[in-house]
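Quick notes on the structure that follows.
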Amino acid sequence: MPALTNEMTALVKESSALMMIGVTELTKAGRDIVANELNPMTIYPLVALFYFVITKGFTLLSKKLEVKG
């Protein structure tokens, strides 16, 4: 099980295809919100924080499952 969670985390962080899709989609969503709200200094840091939370969540889950396994 730990190897699988490590692979999921690495896939999210390091995969060119997933990174491009994930970052592109998050950036596009951020641009759409900025177009409506006109506040990029708030929106783009939130987009970066959202990506960080996703990757950090996978990392913490992986570590927790490694300890149990």
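The values are calculated or read from the model by the stated rules, or taken from the named source; none is laboratory data. The structure displayed is predicted, hence computed values, not measured ones. Please note: Cβ atoms are built from the backbone with ideal geometry, for glycine as well, and neighbour counts cover all protein chains shown. Ligands, DNA and RNA are stripped out before the accessible areas are found, and what is left, the full protein with its side chains, is counted by its heavy atoms. Shrake-Rupley method; radii C 1.70, N 1.55, O 1.52, S 1.80 Å.
The table below lists the values:
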quantity	calculated
Qualifying residue in the stretch 6-23 (condition: at pLDDT 80 or above, open to solvent by 90 Å² or more (accessible area, probe 1.4 Å) and not small (Gly, Ala, Ser))	no
Residue match in the stretch 32-48 (condition: of a type in the set (D, E, K, R), at pLDDT 90 or above and surrounded by 11 or more Cβ atoms within 10 Å (Cβ to Cβ))	yes
Every residue from the stretch 47-68 that is under 15 Å from MET8 (Cβ atoms) and free of Cβ contacts under 8 Å to residues at least 60 places away in the same chain	ILE54, THR55, LYS56, GLY57, PHE58, THR59, LEU60, LEU61, LYS63, LYS64
